[in-house]
Amino acid sequence: MSDTIAAISTSSLGSGGIGIVRISGDDAINIADKVFIGKNGKKLSDAETHTIHYGNIRDENDNIIDEVLVSVMKAPNTYTREDVIEINTHGGNLVTGKVLECVLNAGAIVAEPGEFTKRAFLNGRIDLSKAEAVIDIINSKTEFNLRNSMGQLNGRLTREIDNLRDTILDEIAYMEAAMDDPENIPMEDHLEDLKNTVNNLIKRIGKLKDTYKEGSLLKEGITTVIVGKTNAGKSSLLNLLTGDESAIVTDIAGTTRDTVKEQISLGGILINLVDTAGIRDTDDIVEAMGIRKAKEHLNDADLVIYVVDSTDNIGDEDREIINLLKDKNYIVLLNKSDMNQTVTPEELYKNGIDKNVHIINFSTVTADGLEQLTSVIKEMFSLNDILINDEIVITNSRHKYLLDESIKSLNLALDGIDAGFSEDLISIDIYNSYIALGKILGKEIEDDLADRIFEKFCMGK
C-alpha cells in the first residue's frame with residue numbers, strides 16, 4: 001500500500017472564500033474519518049462515492065477547527081484513481097493550515113509538488129503529455145496558452161502521437177512477419193511502399209515539430225527590448241503597455257538608469273518587455289552602467305522596439321542606436337505623433353534605418369499606433385494563423401526534442417533501405433522512432449525524468 005498524501009490545493013496568496021485540503025491514497029477515507037464529525041453522525045467510510053458531507057474538523061483534543069464540507073470520491077473514478085477526499089474549509093492560510101495539520105496527525109504525509117498529478121500518470125489515468133498540460137493550464141497567461149493546453153489535456157496531441165505510432169507499428173509488424181516467413185511475405189515487394197510510408201511519417205512529424213518555433217514564443221513570450229535616446233518616450237511606452245507606472249517618467253534626461261522588466265499580454269501575445277536606459281554619452285557612473293546593460297540586452301532580444309523622438313532632430317545618439325540595430329529584428333516607433341513631428345521615415349532611411357523595417361507613427365499619450373504595433377508583431381513572427389487556427393501546437397521543448405529524434409531515426413531507416421540493408425537493421429531504426437514518440441506520452445520513461453517534470457508543479461496539484 002502506497003502512502004496516503006495530503007496538501008492544501010488552493011492558492012496561498014492570501015485569504016479567500018474557500019480553502020481546499022486534498023487527501024489521496026488507500027487510507028484517505030479512514031484518515032478523514034479520524035478528523036471529521038458529520039452533523040448526521042455518519043462515517044465517511046459508509047458514504048456513497050461522489051457525495052458531499054457537512055460537519056466539523058476536530059483536532060486530537062476534540063477542539064473544533066472549522067466548519068467544513070467534505071467531498072468523498074472513491075477509486076477508480078477520481079483524479080488520481082485512488083480514494084480522494086477534499087475538505088472545503090473557510091478560506092485563509094491559518095485555518096487551512098490547521099486542517100492540514102489535523103490530517104497529517106491522523107496519518108497522512110505531506111504531498112510533494114505535483115504528486116497528485118504524478119499519481120494520476122503512474123496509475124494510468126492520464127499520459128505524460130496530459131500531465132504536462134495540467135501545469136501549462138495553471139501557468140497560462142494568455143488565451144492561446146490556455147486554449148492550447150486544454151486541447152492537449154483533452155487528448156489532441158495524444159491522439160496524433162498514437163496515430164503515428166500505430167502506423168509505425170503496422171510497418172514493424174509486417175517486417176517481423178517477412179523475417180519469419182520470407183517465402184510467403186517477400187520484403188522486396190514491400191520496400192517501395194515502406195519508403196512512401198516513412199516519407200509520409202517524416203512529413204507529418206515534421207509538420208508537428210515545426211509548430212514549436214511559434215509555439216514556444218507564444219508560451220514563453222517574445223523578449224522585447226525598448227531602446228532610444230533619453231526622453232524619447234521609452235518609459236512612457238512601457239507604462240502604456242503595462243497599464244501601470246512601472247517606470248518613472250520625467251523631463252529630466254537619464255531618469256532610467258537600469259533595466260526595467262515587465263511581462264504583458266498584447267493582443268493575445270505574451271511579451272517580455274525590457275525598458276533600458278537612454279543611450280547617450282554620460283559621466284554618471286550608474287547611468288553608464290545602465291547604458292552598457294541596454295547594449296547587452298540587445299544581443300538577447302527576439303525583438304527591439306526603437307523609440308524615436310519625432311519632435312527632435314536625429315543626432316549622434318540616434319545614429320549610434322541605429323548602428324547597434326544592424327542585423328537585429330526591430331520596429332521603429334516615431335513617438336509623439338500627437339505633437340509637431342519633424343522626423344520623417346525618409347530621414348531615418350538616410351541615417352541607416354533599413355527600408356524594409358516597419359516604421360509606425362505612435363503616441364504614448366493617445367495610444368495612437370498601438371493596434372498597428374500589435375499587428376506588426378504578429379506579422380513579423382508569423383503568429384496570425386497560429387492564433388486563429390485550432391490546431392495542435394508544440395510548446396514543450398521535451399516534445400520538440402523527441403519529435404526530432406523520431407525523424408532522425410526514420411531518416412536512418414530511409415538511408416538503410418537505399419543502401420540495401422537487411423530488414424532487421426532497418427526495423428531497428430523504425431522501432432527507435434516508435435520509442436521516441438512513445439516517450440512524449442510517458443511510455444518507457446525513466447523515473448528520474450518523471451521526477452524532474454512533476455517537481456515543477458505547485459503544491460497540492
- [ ] Collect the residues in the stretch 116-145 that are open to solvent by 40 Å² or more (accessible area, probe 1.4 Å), in a helix (DSSP H, G or I) and closer than 23 Å to THR4 by Cβ, keeping them in residue-number order.
- [x] LYS118, LEU122
Task: Cβ-Cβ under 7 Å pairs, at least 6 apart or on other chains, the stretch 334-353 side in contact (Cβ under 8 Å) with a residue 60 or more places away in the chain, far side of a type in the set (A, V, I, L, M) - done: ASN335/ALA232; ASN335/VAL307; ASN335/VAL308
- [ ] For LEU104, indicate whether it is over 23 Å from GLY25 (Cβ atoms) and either in contact (Cβ under 8 Å) with a residue 24 or more places away in the chain or part of a loop (DSSP other than H, G, I, E, B) (or both).
- [x] no
Open item on the list: For the stretch 212-238: of the residues being polar (S, T, N, Q) and surrounded by fewer than 19 Cβ atoms within 10 Å (Cβ to Cβ), which is farthest from ASP415 (Cα to Cα)?
Closed with: THR223
- [ ] Scan GLN341, GLN372 and give me the residue that is on the phi < 0 side of the Ramachandran plot and modelled with pLDDT of 95 or more.
- [x] GLN372
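For (1) at pLDDT below 95; (2) on the phi < 0 side of the Ramachandran plot; (3) acidic (Asp, Glu), each residue gets a yes or a no:
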| site | (1), (2), (3) |
| --- | --- |
| GLU48 | no, yes, yes |
| ILE52 | no, yes, no |
| ASP59 | yes, yes, yes |
| MET73 | no, yes, no |
| GLU82 | no, yes, yes |
| ILE85 | no, yes, no |
Task: Scope the stretch 331-360; condition assigned to a helix (DSSP H, G or I) and not acidic (Asp, Glu); matching residues - done: PRO345, LEU348, TYR349, LYS350
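The values are calculated or read from the model by the stated rules, or taken from the named source; none is laboratory data. This one's a predicted model, so the numbers in the text were calculated from it and none came from an experiment. Every residue, glycine among them, receives a Cβ derived from its backbone with ideal geometry; neighbour counts consider all protein chains shown. For accessibility, only protein heavy atoms count, side chains too; no ligands or nucleic acids. Shrake-Rupley method; radii C 1.70, N 1.55, O 1.52, S 1.80 Å.
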